[in-house]
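J.: Let me give you the structure first, and then I'll get to my questions.
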Amino acid sequence: MIQIRTDSFDISEDFWKKFPSLKASVYFMKFKNEKHSSHLMWAFLYLIHPDSPFYSHPTGEEEILKMLTNEGITDIDLTKYAAQMAELEKMCLSELQRTMAFWETKLRERREWLLDQEYNMKDGPKLDKMMESTGKMAETYAKALQQLKSEKEFSNKTSESDNDDL
């Protein structure tokens, strides 16, 4: 896993110079030579990385597209780059971070679906059970989030002590 810290989210920096090890991936070998690839990689990172200021933000993708437009990149379809985004996610996020992102997405989808359901005498008991299950899922998610926080703190301490040895 490649460590990408919060202070690394600067779209004005050349992504490939900042993270040269990513160039070795077959998913990025050709892509890195495309016009605006550095800006696009920052956009992908903004979307997938939990330390990003845009991660899980309700209008995050919209804001990122505005930033790309400001950089001269227009009419961008981020879904066209699904393979690169998936590979970046694999390379930059731990298994626990990827799992947490999945859980977060599913909890959000579940909440949105529940909000759309009509609460009536017929469906009320089913919805009550689902809401109770959702609460249990949220508790499990919160525990895993705490584990992720501990993992991150351990990783930060380890990298700090490694830097002390240099």
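Values quoted throughout were computed directly from the atomic coordinates according to the rules given, and no laboratory measurement underlies them. Only a predicted model underlies this, so the values are computations on that prediction, with no experimental measurement involved. Heads up, the Cβs are rebuilt from the backbone with ideal geometry, glycines too, and the neighbour counts pull from every protein chain shown.
J.: Under 13 Å Cα to Cα from LYS126, which aspartates and glutamates show up? Leave out anything in the same chain fewer than 8 places away.
T.: Within reach: GLU118.
J.: Find how many whole Å separate the alpha carbon centroid of the stretch 77-120 from the alpha carbon centroid of the stretch 10-65.
T.: 18
J.: Between SER133 and GLU95, how high is the FRET efficiency from 1/(1 + (r/R0)^6) when r is the Cβ-Cβ distance and R₀ = 25 Å? Nearest 0.05.
T.: Plugging the Cβ-Cβ distance into 1/(1 + (r/R0)^6) gives 0.55.
J.: Then there's this: Would you please put 115-126, 137-148 in order of how densely packed they are, using the mean number of other Cβ atoms within 10 angstrom per residue and starting with the highest?
T.: On the way: 115-126: 9.3, 137-148: 12.8.
So the peptides 115-126, 137-148, ranked by packing, come out 137-148, 115-126.
J.: Also, quick follow-up: Kindly provide the helix-only [θ] at 222 nm of the chain, computed as the sum of -39,500 (n - 2.57) over DSSP H runs of four or more divided by all residues, to the nearest 500 deg cm²/dmol?
T.: -20500 deg cm²/dmol
J.: Here is a follow-up. Return the distance in nm (one decimal) between the two label points of a simple spin-label model at TRP16 and PHE154, each offset 7 Å from Cα along Cα→Cβ.
T.: In this crude spin-label approximation the distance works out to 3.6 nm.
J.: Placing +1 on the Cβ of each Lys and Arg and -1 on the Cβ of each Asp and Glu in the chain, which of ALA138, VAL26, LEU45 has its Cα farthest towards the positive end of the resulting dipole?
T.: The residue sitting farthest along the positive end of the dipole is VAL26.
J.: In terms of Cα to Cα distance under 28 Å, which lysines are near enough to LYS80, apart from those fewer than 8 places away along the same chain?
T.: Once the sequence-local lysines are set aside, what remains near LYS80 is LYS17, LYS18, LYS23, LYS30, LYS32, LYS35, LYS66, LYS90, LYS106.
J.: Could you give the size of the charge dipole of the chain about its Cα centre, using +1 on the Cβ of each K and R and -1 on the Cβ of each D and E, expressed in debye and rounded to the nearest 20?
T.: Approximately 440 debye in magnitude.
J.: Sticking with this one: Of LEU65, THR99, ILE76, which is farthest towards the positive pole of the stretch 42-121's charge dipole, taken about the Cα centre with +1 and -1 on the beta-carbons of Lys, Arg and Asp, Glu respectively?
T.: Comparing the listed Cα positions along the dipole, THR99 ranks first.
J.: State whether the chain is rounded, prolate or oblate according to the following rule on the C-alpha gyration tensor (a ≥ b ≥ c being the square roots of its eigenvalues): a/c under 1.5 gives rounded; otherwise a/b larger than b/c gives prolate, and the remaining case gives oblate.
T.: Verdict is oblate for the chain.
J.: Cross-link partners among aspartates and glutamates for LYS122, C-alpha distance below 18 Å, same-chain residues fewer than 8 apart left out?
T.: Straight-distance partners of LYS122: GLU132.
J.: Evaluate the charge dipole of the stretch 1-93 about its Cα centre and quote only its size in Debye, nearest 20, assuming +1 on the Cβ of each Lys and Arg and -1 on the Cβ of each Asp and Glu.
T.: Dipole size: approximately 440 debye.
J.: Kindly list the residues of the stretch 61-75 that lie in the label zone of PHE9, defined by a backbone N under 18 Å from the point 7 Å along the Cα-to-C-beta vector.
T.: Counting backbone N atoms under 18 Å from the label point, the list is 61-71.
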